[in-house]
Amino acid sequence: MKIIDWYILKQFLVTFLFTLLILIPIAIAIDVSEKIDNFLEHADLGFYQVVNEYYVNFIIYYTNTFMPLALFIAVILFTSKLSNNTEIIAITNAKISFTRLMYPYFIGATLVTILSLLMNHFVVPNSSKTRKKFEKEYISNSVQKNELKYVSDFSLQLTDSTYIFIRNFNTETNAGYDFTSEVYDGLKLKSKLVADNIRFNPKDSVFSIQNWRKRQIYKDRDSIFSGNKIDTVFNFTPKDLIYKSALSQEMPSNELIKFIRISKKRGVKNLNAYLVEFHKRTSLPISSYILTIIAVALSFRKKRGGTGINLAIGVAIMFLYVFLMKISEVLGAVAGVNSLLYVWMPNFFFGLIAIYLYYNARK
């Protein structure tokens with residue numbers, strides 16, 4: 001790397017960090033204004049707990065979320081400054097091509113992309129567990145709490161031959177009622193277990209079923225057994241009954257992949273919300289390259305209006321990108337669609353814009 005490369009890379013990283021340091025306090029201020037009443041409602045909630053359990057993890061989450069936006073704005077700001085100071089003209093007069101000019105930019109984008117990938121796949125999910133636990137306890141209303149507390153009319157395929165059905169289950173008390181377990185040999189029913197009540201003991205990972213009746217089917221006869229209470233083991237836990245897209249944000253990628261694989265074997269029909277979360281963890285960091293090309297191509301030429309016009313165009317493009325990204329996430333979560341294609345669609349669309357601007361800038 002030459003002196004000019006180090007100079008551009010340094011400006012890239014300094015402006016990027018400066019932009020993040022502007023955006024994060026704004027996000028915190030807005031969040032505090034919205035949730036201050038929730039904090040004051042709980043007399044046992046101290047300042048240290050709010051900061052340590054919530055806002056530390058809030059900063060981690062939104063720092064990662066704002067990275068592409070901060071990078072895009074940072075590149076526009078300092079590239080426009082280089083252009084306004086006629087430094088770009090000096091660079092081009094030195095026979096440095098636009099492609100060669102992009103070299104330090106791509107190094108900076110690579111550093112941001114690697115950091116974002118590590119945070120997306122490992123750091124942010126673990127951080128979200130603590131943040132969402134705090135939100136559930138101190139911020140969420142009763143409706144939001146009940147969404148994760150109660151499971152109704154739930155069916156699950158445990159193995160290729162075993163299916164269960166639960167009419168209602170409380171994931172906080174680990175208790176439910178109207179439980180059914182069926183075992184098949186191909187299409188033929190081999191046994192059926194029915195219980196009025198079921199309770200899970202997390203200490204022993206054992207289920208206790210009450211008022212149970214079991215029908216065992218043989219070739220020439222059926223046998224029926226019943227009892228008041230029995231302890232048994234099933235290949236699931238209460239956590240497996242909850243299929244909420246918000247839970248995917250709390251799983252590191254290795255756990256999320258394992259969860260998706262097991263859920264597919266169990267016959268869960270629509271896992272696209274989980275697949276969207278998994279694919280987004282890679283597509284969003286990769287967008288750093290695309291946004292960097294667009295930002296440099298828009299701002300490396302000196303324009304009437306200076307940095308202001310470049311920044312206005314850049315913010316408009318960034319909002320369009322975020323808008324398309326949100327639409328693609330919603331569409332990608334619909335059953336029966338290719339979630340990978342929808343999640344990457346904004347990158348494909350803006351990638352074409354980046355290619356056009358790049359070749360236009362080279363002329």
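The values are calculated or read from the model by the stated rules, or taken from the named source; none is laboratory data. Computed from a predicted model, the values in this text were never measured in an experiment. Glycine also receives a Cβ, built like all others from the backbone with ideal geometry; neighbour counts cover every protein chain displayed. Just the protein is used for accessible areas: all its heavy atoms, side chains included, with ligands, DNA and RNA removed. Shrake-Rupley method; radii C 1.70, N 1.55, O 1.52, S 1.80 Å.
Details
- Test result for THR92, under 19 Å from ILE294 (Cβ atoms) and assigned by the TED database to the domain that holds PHE122: no
- Helices (runs of 4 or more DSSP H) lying entirely in region 1-103 (those with 1 or more residues that are in contact (Cβ under 8 Å) with a residue 12 or more places away in the chain and within 20 Å of VAL322 (Cβ to Cβ)): 3-41, 56-84
- PHE12, sole failed condition from (1) in contact with a helix residue (DSSP H, G or I) (Cβ under 9 Å, 6 or more places away or on another chain); (2) open to solvent by 40 Å² or more (accessible area, probe 1.4 Å): (2)
- Selection of region 90-125 for residues being loosely packed, with under 15 Cβ neighbours inside 10 Å and within 17 Å of VAL56 (Cα to Cα) yields only PHE122.
- When region 323-354 is filtered for residues that are free of Cβ contacts under 8 Å to residues at least 40 places away in the same chain and either assigned to a helix (DSSP H, G or I) or of a type in the set (D, E, K, R) (or both), the ones remaining, listed by number, are PHE323, LEU324, LYS326, ILE327, SER328, VAL330, LEU331, LEU341, MET345, PHE348, PHE349, LEU352.
- Between LEU275, LEU271, LEU247, the distinction of being surrounded by fewer than 20 Cβ atoms within 10 Å (Cβ to Cβ) and either under 30 Å from LYS132 (Cβ atoms) or in contact with a Pro (Cβ under 7 Å, 6 or more places away or on another chain) (or both) belongs to LEU247 only.
- Residue within region 323-337 that is surrounded by 15 or more Cβ atoms within 10 Å (Cβ to Cβ), within 20 Å of the chain's Cα centre (by Cα), of a type in the set (Lys, Arg) and closer than 28 Å to PHE122 by Cβ present: no
- Some residue of region 300-308 being open to solvent by less than 50 Å² (accessible area, probe 1.4 Å) and under 30 Å from PHE169 (Cα atoms): no
- Some residue of region 134-148 being in contact with a strand residue (DSSP E or B) (Cβ under 7 Å, 6 or more places away or on another chain) and either among the polar types (S, T, N, Q) or farther than 24 Å from ASN57 by Cα (or both): no
- Applying a threshold of 7 Å to beta carbon distances and a minimum spacing of six or more residues, or different chains, the list of pairs starting in region 289-303 at a residue that is assigned by the TED database to the domain that holds GLY108 and in contact (Cβ under 8 Å) with a residue 60 or more places away in the chain and ending at one that is crowded, with 24+ Cβ neighbours inside 10 Å and hydroxyl-bearing (Ser, Thr, Tyr) reads ALA295/THR79; VAL296/THR79; SER299/THR79; SER299/SER80; PHE300/THR79.
- Residue match in region 279-301 (condition: under 30 Å from ALA361 (Cβ atoms), outside any helix (DSSP H, G or I) and out of contact with any Lys or Arg (no Cβ under 9 Å at 6 or more places or on another chain)): yes
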